[in-house]
1. Whether any residue in segment 604-611 is of a type in the set (Phe, Trp, Tyr), at pLDDT 85 or above and touching a Gly at 6+ places or on another chain (Cβ under 8 Å) is what I want to check.
2. Among the residues in segment 626-633, are any assigned by TED's automatic domain parsing to the domain that holds GLY684, surrounded by fewer than 20 Cβ atoms within 10 Å (Cβ to Cβ) and within 22 Å of PHE381 (Cα to Cα)?
3. Tell me which residues, restricted to segment 221-241, are in contact with a Lys or Arg (Cβ under 7 Å, 6 or more places away or on another chain) and either assigned to a helix (DSSP H, G or I) or not assigned by TED's automatic domain parsing to the domain that holds VAL378 (or both).
4. What tally of residues in segment 251-288 results from selecting those that are among the charged types (D, E, K, R) and buried (at least 24 other Cβ atoms within 10 Å of the Cβ)?
5. Quick one: which residue in ASN334, ASN319 is within 20 Å of GLY283 (Cα to Cα), in the same structural domain as VAL264 (by TED's automatic domain parsing) and polar (S, T, N, Q)?
6. Tell me the residue from ALA637, ALA621 that is part of a helix (DSSP H, G or I), buried (at least 16 other Cβ atoms within 10 Å of the Cβ) and free of Cβ contacts under 8 Å to residues at least 60 places away in the same chain, please.
7. Suppose we filter segment 612-632 for residues that are modelled with pLDDT of 80 or more and in contact with a His (Cβ under 9 Å, 6 or more places away or on another chain); how many remain?
8. Taking GLU524, is it without any contact (Cβ under 8 Å) to a residue 40 or more places away in the chain and crowded, with 16+ Cβ neighbours inside 10 Å?
Amino acid sequence: MSILKPIVRTALRWLYRVDIKGKEYFDQAGDKVLIVANHTSFLDALLLAVFLPGKATFAINTYIAKQSWLKPFLGFVNVYAIDPTNPLSTKGLIRFLQNNEKAVIFPEGRITVTGSLMKIYQGPGMVADKSGAKVLPVRIDGAQYTPFSRLKNMVRLRWFPKITVTFLPSVEMGLDEGIKGRARRQVAGDRMTEIMTNMMFETTTYQQTLFDGLLHAREIHGNKHVIVEDIERQPMTYGEVLLKTSVLARVFSRQTAPKETVGVLLPSMVGTSIVFFALQAAGKTTAMLNFTVGADGLRKACETAKLKTVYTSHRFVDNAGLNEVVDELAQTLNVIYLEDVKPMVGLMDKLYGLFSKWFPHTAYKMLGNKAHHNDPAVVLFTSGSEGTPKGVVLSHANLLSNRVQLSAKIDFNQQDVVLNVLPLFHSFGLTAGTLLPMFSGVKVFFYPSPLHYRIVPEIAYDVNATILFGTNTFLKGYSKFAHPYDFYSLRYVFAGAEKLQDEVRNTWSEKYGIRIFEGYGATETSPVLSINTPMASKKGSVGQLLPKLESQLQPVPGIDDGGRLFVKGPNVMLGYLKHDNPGVIEPTECEVGKGWYDTGDIVTIDGEGYVSIQGRAKRFAKIGGEMVSLTYVETLASAFWPTEPSAIVALPDAKKGEQLVLVVETDSVDKKAFLAYCRAQGVGEINVPKTYLAEKVPVLGTGKTDYPGLQQMVETKVLG
C-alpha cells in the first residue's frame, strides 16, 4: 500500500486538480491533534488519507467501518472504530489522543445533504476537551459537486471539478474549568460548532469584487441555471444576466466618468439587478436611492454622495407618481431613463455581450476600471442625526463577507426560491434578498412592493417560494390575508429591521406551521450582525453573532443589565458620507477605536452567545422597518411652531412597530396644517407624527428637554 498511495495521490491531482493549502499548519500543530473536516462526499476520507503526511488514524463509526466499499481505503489509514452506543469507545479515543497521537474525525457524522454544514455532534468537542488535544480544522471544497456526493438534483454535478483542501491554524478548545458535567459537554459541542463555522467562513473567498462574485457563481452553477425572475414572468439564466449586464456596462462606461458614484432610482425588479451589476462591471460605485423619502430627502442624498448621474425608468416614475420629484432632480443631475438607453446599444456592444457570455473574465478585464475588493461598491442611505441622510459606504468585501457569514450558518441550495419583496435601497433587501441568493445559485423572484399584503402570499404560493425575508410589519400584514396553504413551500422565514412581536411569531407558527427566525443588524454592517438559525435558535433573542465578528459591551449609566454594543468585523462599513462634507468618506471610528462601529443599541449576550436587544440609545424610531430621526422631526416642528416648545418621542405601534408622538406647548394642534407644511418641504410622510399632545414639555435643570420624563408622560396619556 505504501507504493499505491503516491499513485492514488497523483491520480487525484490529475483528475481533480487537487490544491492543498496551508499544509504548514499540520506540521505546526505538533502532537496530540484532533483533525476535524467537513464532510462533502465519499471522496473526503480518501483525499485526507493520501494527502495527510504519514499514515493517518481515522475515527469511524463501527457500522461504517464494516462496509465492504470501505475496505480498499483501509489500507491507506489506521482505523479507530467508535461505537456511538458505547461510552467506553469514546474514552478509548481520548486515551489514544493523550498518547500524543493524531486522529481524523468528521464532526457532522454524515455526508452533507444540504451543501452546507450539517449538525455538529457534541462527541468530537468532548473528545478534544477531555484529551487536551489541539483542533486542526480542514475544509474540503469541490468534492460536493462530484457524483460521489449526496447532492444529486441539488447542485450541478460533474465528474471532475477542482477540489481544494485547506488546512487552518490549530486552535485550543479553551473551555472554562468551572463548567462541569452535562453543561461542559454542551459547551464543548458549541465550541466545536464555532470552530467548524469559522472554518467555513475563513475558507470561502470574499476578497473580490461583486462582479467577480457573480462570475464565480455562474462558473459553479452553469450558464443555463435560472437565477432571477419577477412579475413580468421572463426568467433569466446566469448566461442571460451576464450578457445583458455586459452590454449595459459598456454603455454606462461611456455615459459616466471612471470610478464615478452613480445613483439608481428603481424598484425591486430583475431590471434593477441587471443595472446594479452592470454598474459594478463598469467599475462604478452604486448609490441606491430611497424613493419613499420625498423630494427633499432624495435631493439631500444626491448632494451627500455628490451624484452627477441617476438611472431610472419612465415606467417606474409614472407608476410611482414621482414625475415632479424626478423633474426636480433633473435640474441639477443628469437623469437617464433606461428606455432611452436601449437605442444607444450598438453592434459592438452586442458582440461584446456575446463574447462576455463565453469569456466573462477576459471581457471583464477589457472594460477596464476594475475595482479592488476594498473599494467602495455601494452607498445606502440612513437618517442622520439632524434628518439629513447619511451615506453608508460599503465595500465589495463588506457585502461579500456578510454573504459568506450567512452561508456559513444557514443552508441554501439550487432548489430554493427566494421571494424578495424588500426594496434594493434597503440593505436587508440588497444583501440578504438579492446578493446572497444570486451568489449561492438560489433563484430570486422579485416583487416590487412588500405592502401588497393580499398579493405577496399569492405570489409565494404561485412561485413555490422556499425562503422569505421580511420585517415584523410586513409579516404581520401577510398573516392577516394569506390562506393557510399559501406558504406551504416555505422552508425558512427570516425577520429583521424591527423587533419581532410574539403575536406575529405565534400566528405564523399556528396558522402556517412555520418558525420565524429573527435576526439583527444595521445598514452599517452590511447588514446582518446576528441571526437565529434552525440549528441555533432561542426565542426572544436575535440569535448569535455571525462568524469573525468581535464585540464589546460598554456600560451605560442607569442600565444594570447589558451594555452598549460595539462591533468590529469584515462586514463593518468603510465609513459615512455626510451632507456637510459631501463625497468624502469618514472612516469607521468611535470611542472604542478605529474600525469599530457603535450600534447605539443596548443588548445582553448570554453564556451561549445569544444576543437580546434591551433598547436603543440613539434617538431614532423604526417605523415599518425604516429608521426615522426624532431630532429631524423636532426640527420640522420647531420651524412650524417657532414660539412653542415641542419634542418627539416614540411609542410601540401594533402595525408599524413604532409611532411618533409630538408634544407641543399650545392650546390646540392643527394636524392638517403641519402635514401640509411637511409635504411642502418635500418630507416623506413616514417622518410625520400620527399622534399629537397639547402639553407642557418637561425640562431638566440645565434647560434641556427631560426625555425620560417626557416618555413617561406620553406613555401615561397615550397608552393609559
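1. Filtering segment 604-611 for residues of a type in the set (Phe, Trp, Tyr) gives 610.
Now restrict to residues that are at pLDDT 85 or above: 610.
Of the ones still in play, those that are also touching a Gly at 6+ places or on another chain (Cβ under 8 Å) are 610.
Yes: one or more hits.
2. yes
3. HIS221, TYR238, GLY239
4. Initial filter on segment 251-288 (among the charged types (D, E, K, R)): 254, 259-260, 284.
Filter once more, so that each one left must be buried (at least 24 other Cβ atoms within 10 Å of the Cβ): 284.
Matching residues across segment 251-288 total 1.
5. Details: ASN319 fails: within 20 Å of GLY283 (Cα to Cα).
Result of the check over ASN334, ASN319: ASN334.
6. On the way: ALA621 fails: part of a helix (DSSP H, G or I).
Unique residue meeting the criteria: ALA637.
7. Going through segment 612-632 one residue at a time, the tally reaches 0.
8. On the way: without any contact (Cβ under 8 Å) to a residue 40 or more places away in the chain: no; crowded, with 16+ Cβ neighbours inside 10 Å: yes.
Considered against the rule, which asks whether it is without any contact (Cβ under 8 Å) to a residue 40 or more places away in the chain and crowded, with 16+ Cβ neighbours inside 10 Å, GLU524 comes out as no.
The values are calculated or read from the model by the stated rules, or taken from the named source; none is laboratory data. Fair warning: this is a prediction, and the values are worked out from it, not measured in the lab. Cβ: placed from backbone, ideal geometry, glycine included. Neighbour counts: every protein chain shown.
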